[in-house]
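First up is the structure itself, then whatever we jot down about it.
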Amino acid sequence: MGDHVLGVVMNGVTGRMGYRQHLVRSVLAINEQGGVTLPDGGRIMLRPVLVGRNAAKLAELADRHGLAEHTTDLDAALADPANTVYFDAQVTQARVAATLRAIAAGKHVYTEKPTAESVPEALRLAQAAEDAGLKNGVVQDKLFLPGLLKLKRLIDGGFFGQILSVRGEFGYWVFEGDWQAAQRPSWNYRAEDGGGIVLDMFPHWAYVLENLFGRVVSVYAHVTTHIPERWDESGQPYKATADDAAYGVFELAGGVVAQINSSWAVRVNRDELVEFQVDGTHGSAVAGLRGCRVQHRSATPKPVWNPDVPATARFRDGWQEMPDNAEFDNGFKVQWEQFVRHVVAGTPFPYTLRSGARGVQIAELGLRSHAEGRRLPVAEL
């Protein structure tokens with residue numbers, strides 16, 4: 001296919017994730033390495049077109065990185081036939097309308113998650129892209145983390161025997177914003193602005209579980225707002241109307257049970273901000289963002305419960321750190337490269353808008369489960 005330049009409309013790059021992970025660490029990093037390598041040996045360079053609502057911020061970003069094209073006019077960017085791909089990293093509330101405009105303009109679409117605030121909207125996006133015959137994808141970055149790639153290696157190698165359960169812990173303390181500035185935007189804690197940890201994190205857990213262990217077939221969740229009042233970026237107090245913690249139980253096809261706690265009101269007493277423990281008949285593993293520790297059944301100690309005697313074993317010492325055995329690139333960048341190859345060369349890309357809709361479905365069912373106080377089945381989309 002030879003060398004090629006692909007115009008990419010990037011909407012929402014003035015936000016933290018859109019700028020840091022997608023523009024700088026993905027698109028610009030791809031160009032710095034000489035582009036995306038295609039199966040035939042050709043290369044694809046990316047030409048980002050920055051789009052947003054704030055002209056001054058866009059101009060500053062473009063000047064900082066030597067980029068020529070930026071605009072507040074999305075329709076004008078979509079009208080340019082040289083722009084082939086539309087990428088959306090806006091707040092969730094703005095995503096559906098903008099992405100539908102891109103589909104109507106005949107652009108292949110790639111979006112952050114969640115793809116929408118409701119299942120009907122998420123399915124509408126997926127169906128529109130499919131009906132138009134356009135390539136489409138959703139960011140599922142955690143699959144490309146070194147820790148989870150090592151976990152996948154263990155699964156593929158049969159290390160666990162029969163997998164029994166998955167236990168996940170995610171979160172950290174997000175400061176309220178009064179005596180220390182909050183490290184997350186205030187909209188995250190307002191339901192009316194599309195905030196909430198369930199809508200933010202359950203789509204992540206959906207694709208992690210689906211791709212590593214099996215499709216989610218039922219959901220039970222308890223959802224709460226632990227911190228009822230916070231302070232915004234201007235130092236003004238506001239009521240936190242969105243959930244900041246969720247405790248979920250997910251039954252998977254094949255019988256594996258996954259329990260995942262998600263909280264922005266927890267202090268970290270683990271090695272990484274997210275960890276998954278997987279227990280199987282032949283061995284167990286604990287995987288984080290980068291590391292993964294294992295314990296085979298042949299090396300499993302035999303503790304006996306006796307609260308009257310101090311524990312003599314240091315249980316953590318019985319686990320072995322997995323070697324890297326490979327170089328791990330930035331997960332966002334790796335998925336960008338896969339999507340570009342999918343658009344240009346037609347290589348497989350399973351992380352479609354329909355898979356994104358399944359993530360929205362799990363979040364929606366989590367909120368419903370809490371409201372109704374019961375376990376809910378997951379219908380196939």
- Item | Added length on full extension, which subtracts the Cα-Cα distance from 0.36 nm per residue, residue 313 to residue 300 | 3.5 nm
- Between the Cα axis of helix 92-104 and the main Cα principal axis of the chain, the angle (0 to 90°, nearest 10) is 50
- Indicate the gyration tensor shape class of the chain (rounded, prolate or oblate), computed on the Cα atoms with a ≥ b ≥ c the square roots of the eigenvalues: a/c under 1.5 is rounded; otherwise a/b larger than b/c is prolate and the rest oblate. prolate
- Message: Among 241-249, 155-163, how do they line up by average Cβ neighbours within 10 Å per residue, starting with the highest?
- Response: 241-249, 155-163
- Label point 7 Å out from residue 229 along Cα-to-Cβ: which residues of the range 153-189 have amide N under 12 Å? 178
- Query: Dipole of the range 251-369 (Lys/Arg Cβ +1, Asp/Glu Cβ -1, origin at the Cα centre): which of 369, 298, 349 lies farthest to the positive side?
  - Reply: 369
- List the lysines whose alpha-carbon lies under 24 Å from that of residue 142, not counting same-chain residues fewer than 8 positions away? 113, 150, 152, 333
- Query: Taking only Cα atoms, what is the 0 to 90° angle, nearest 10, from helix 55-65's long axis to the longest principal axis of the chain?
  - Reply: 80
- Test item: Cα-centred dipole of the range 1-153, Lys/Arg +1 and Asp/Glu -1 on Cβ, debye: 680
- Rounded, prolate or oblate: which one fits the range 223-381, using the alpha carbon gyration tensor with axes a ≥ b ≥ c (rounded when a/c is under 1.5, else prolate when a/b beats b/c, else oblate)? oblate
- Could you work out how far helix 197-212 tilts from the main Cα principal axis of the chain, as a 0 to 90 degree angle to the nearest 10? 80
- Excluding same-chain residues fewer than 8 positions from residue 135, which aspartates and glutamates have a Cα within less than 17 Å of its Cα? 88, 112, 337
- If you put +1 on each Lys and Arg Cβ and -1 on each Asp and Glu Cβ, how big is the dipole of the chain around its Cα centre, in Debye rounded to 20? 660
- Run the dipole for the range 157-300 about the Cα centre, Lys and Arg Cβ at +1, Asp and Glu Cβ at -1, nothing else charged, and hand back the magnitude in debye, nearest 20. 560
- Note on the structure: Residue-normalised 222 nm signal for the chain, counting each DSSP H run of n ≥ 4 as -39,500 (n - 2.57), nearest 500 deg cm²/dmol, is -9000 deg cm²/dmol
- Item | Rounded, prolate or oblate (a/c below 1.5 giving rounded, otherwise prolate when a/b exceeds b/c) for the range 301-365 by Cα gyration tensor | oblate
- Additional length obtainable on full extension of the chain from residue 100 to residue 4, 0.36 nm per residue less Cα span: 31.9 nm
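Where a number appears in this text, it was derived from the coordinates with a stated rule and is not lab data. Keep in mind that what you see is a predicted model, and the values were worked out from it rather than measured. Positions of Cβ are generated from backbone atoms using ideal geometry, with glycine treated the same way; all protein chains shown enter the neighbour counts.
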